Amino acid sequence: LGAYRRRLLQDTFVGTTAERAIRRSGIPVLMVNTDAQRPYVHILAAVDLSSDSAAALGKTMELEVNREAVLSVVYLFDAPASGSLALGSLSKDDIRGYVAEEQKLAARELDAFLASAGVRGVPRIVRPLQSKVVDGV
């Protein structure tokens, strides 16, 4: 949804059309409040490998929003055992190895997701959900 015409009294009591659309929508809605000051140069699309993410990414490609900007896809994966491993007797290197293996698996899952969504040739970013598992891992 784009910027809207503000009507102070009506917006206060009834809400804006954008707010109502967001509240009633069963899917994610992107709302842009102001016009861009200059052309976009980089678009970052966060995905969770769901069908809704695939649909949003497909619409992005269909609308050619990335015609003059770089489109990158980011996927934050969970390494569920990393927290419990850190408490155990494993070394930091073992934990780093575990997270690296989980990252490889997540990258393969993202590649399969992008292929099934018909999205090719976009830079992808795959990172663990927790930015620091153990000393910067």
Quiz item: Residue by residue, what Karplus-based ³J(HN,Hα) values in Hz, rounded to whole numbers, does region 98-103 have, using 6.51, -1.76 and 1.60 with θ = phi - 60° and x for Gly and Pro?
Solution: 4, 5, 4, 5, 4, 5
Quiz item: Sorted by accessible area (1.4 Å probe), largest first, how do SER53, SER91 line up?
Solution: SER91, SER53
Practice problem: Using packing as a proxy for protection, rank 70-78, 115-123 so that the peptide with the highest average count of other Cβ atoms within 10 Å comes first. | Solution: 70-78, 115-123
Quiz prompt | Solvent exposure ordering (accessible area, 1.4 Å, most first) of ILE27, ILE125, ILE95 | solution = ILE27, ILE125, ILE95
Quiz item: What is the packing order of peptides 28-37, 41-50, taking the mean over residues of other C-beta atoms within 10 Å and listing the highest first?
Solution: 41-50, 28-37
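The values are calculated or read from the model by the stated rules, or taken from the named source; none is laboratory data. The model shown is predicted, which means the values in this text are computed figures rather than measured ones. Backbone-built Cβ (ideal geometry, glycine too); neighbour counts: all protein chains shown. The accessibility values were calculated without ligands, DNA or RNA, using every heavy atom of the protein model including side chains. Shrake-Rupley method; radii C 1.70, N 1.55, O 1.52, S 1.80 Å.
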